[in-house]
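A quick write-up on the structure given underneath.
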Amino acid sequence: MKKDKQEVLEQEEVSVNIPESETGKDTGENSVPENSEGDKEKQLSELTEKLAEVQDRYLRLSAEFDNYRKRTLKERYELIKTAGEDILNDLLPVIDDFDRAMEVMSSSDSIEAILEGTKLIYSKFKSILENRGLCAINPLGEDFDPDIHEAIAKIKGTDGQAGKIIDVTQKGYSLNEKIIRHPKVVVGE
C-alpha cells in the first residue's frame, strides 16, 4: 500500500505558486539579511557563556542545597541526642533529694519523718512532670471509652455500674493532650 501511494505522488506534479516576497528571495526592503559568520560566532560565544553561567549557578545551588541538607540532618541528630536534657536537668534536684532521703532512712528511726520526706519528694517530682505537660488519667466511675481506656476485665457490678469503670489497675497518662499510656481498667457489666 505504501508503494501505491508513493507511485501516485511521484506521478502527480504539484506546483504551488508562492510569491517571491514570502520565500525570502525578494531583493526588496522586506527581506531579512542572512547572518554573517562573525554574527554566528558571536551568538555562539554568548550562548556558550550563558550556558556556562547557568551550569555554574546550578552547581552552586546544588552544593548549597546539599550543605543545607547535611546541616539540618546534623542539627536534627543533635536535637534528638539532647532532647531529654531539659527534663533531666529539672529532675536532678529530685535525685539529690532521694540521695539525702536514703542517707536519713539508714540512720533515722522515725517513720513519720521518712514518710513526710518521701511525700515531699513525690510531690516535687510530680509537679516537674506536670509542668512539662504530663497529666494522669484516672477514669474511675466514668463511662468506658475504648479510644481512651484499655479494658482488662469485666465484672458484674450493681445496676448503675453497667458500662462504667469500676476499678483502675494502672493509671494512664497524657502528654500535652496526647495519650501516651492508656489506663487499664475493669468495666462493669
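FYI, it's all coordinate maths here, none of it is from the lab. None of these values were measured; they are calculated from a predicted model. With ideal geometry, Cβ positions are generated from the backbone for all residues, glycine too; neighbour counts draw on all protein chains shown.
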(request) Determine, from the Cβ-Cβ distance of D96 and L140 and an R0 of 35 Å, the FRET efficiency 1/(1 + (r/R0)^6), rounded to the nearest 0.05. (result) 0.55
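Which order do K178, K40 fall in if you start with the one that has the fewest other Cβ atoms within 10 Å? Walk me through the numbers on the way to the answer.
Working: K178 8, K40 11.
In increasing order of surrounding Cβ atoms, one gets K178, K40.
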(request) Along Cα→Cβ, 7 Å out, is where each label goes; now give me the distance between the ones at S45 and A63 in nm to one decimal. (result) 2.7
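How big is the charge dipole of the range 74-166 about its Cα centre, in debye rounded to the nearest 20, if each Lys and Arg gets +1 on its Cβ and each Asp and Glu gets -1 on its Cβ?
Details: 11 positive and 19 negative charges, 54 e Å.
Charge dipole of the range 74-166: 260 debye, to the nearest 20.
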(message) For a Förster distance of 45 Å, can you work out the FRET efficiency between the beta-carbons of L115 and T158, rounded to the nearest 0.05?
(response) 0.80
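Which number comes out as Rg/Rh for the range 31-189 once both Rg and the Kirkwood Rh are worked out on C-alpha atoms?
Values: Rg = 34.1 Å, Rh = 23.1 Å.
Using only Cα positions, Rg/Rh for the range 31-189 is 1.48.
Please compute the length gained on full extension between Y173 and K74, using 0.36 nm multiplied by the number of residues separating them and subtracting their Cα-Cα distance.
That works out to 32.4 nm of additional length.
Report the percentage of all Cα-Cα pairs in the range 133-189 whose separation exceeds 20 Å, rounded to a whole percent. Each step should come with its number before you reach the end.
Details: 333 of 1596 pairs.
Summing the P(r) of the range 133-189 above 20 Å gives 21 percent of all pairs.
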